[in-house]
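See structure below.
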Amino acid sequence: LKDLPCHTKALIIKPSFVGGISKTCELISQSLPMGIQPVITSAFESSLGLWALTKLASLIPGDTAMGLDTFRWFKEDLITPPFLVKNGYVDASSFNNKYELNHSLLLKIS
């Protein structure tokens, strides 16, 4: 992060592109003390991946919008009940639900 312009206000992070959760956590830990707001965004993950990214994003202080609405572009989903977004907000209470894998869809892609 030392090579970022000095007036950088936000760091857009796509965990699947930067090397996963560990690298994302490292970038978050580096950016916050510098006054740079980390923003977690997805790269067309299914709701199973978005569930994990949402959990990660919930650990970032502040109320900055994250980019986690890519699941709606999928015809079918890997989990039931589906990932819930209402008016641009993830319904975090849905994380208390028991999710089940859509095994028939997994068979289609294997």
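The values are calculated or read from the model by the stated rules, or taken from the named source; none is laboratory data. Model, not experiment: these values are computed from the prediction. Backbone-built Cβ (ideal geometry, glycine too); neighbour counts: all protein chains shown. Side chains included, ligands, DNA and RNA excluded: accessible areas come from the protein's heavy atoms. Shrake-Rupley method; radii C 1.70, N 1.55, O 1.52, S 1.80 Å.
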Restricting to segment 4-55, and then to whatever is of a type in the set (S, T, Y) and either buried (at least 19 other Cβ atoms within 10 Å of the Cβ) or in contact with an Asp or Glu (Cβ under 8 Å, 6 or more places away or on another chain) (or both), can you tell me which residue is nearest to P81 (Cα to Cα)?
S47
From the set of residues in segment 42-73 that are touching a helix residue (DSSP H, G or I) at 6+ places or on another chain (Cβ under 8 Å), among the β-branched types (V, I, T) and part of a loop (DSSP other than H, G, I, E, B), which is modelled with the highest pLDDT?
I60
When E76 is evaluated against the numbered criteria (1) open to solvent by 50 Å² or more (accessible area, probe 1.4 Å); (2) outside any loop (DSSP other than H, G, I, E, B); (3) closer than 27 Å to E100 by Cα; (4) touching a residue at least 24 places away in the same chain (Cβ under 8 Å), which criterion, by number, is the only one it fails?
(2)
Just one of N96, N102 is open to solvent by less than 70 Å² (accessible area, probe 1.4 Å) and modelled with pLDDT under 80; which is it?
N102
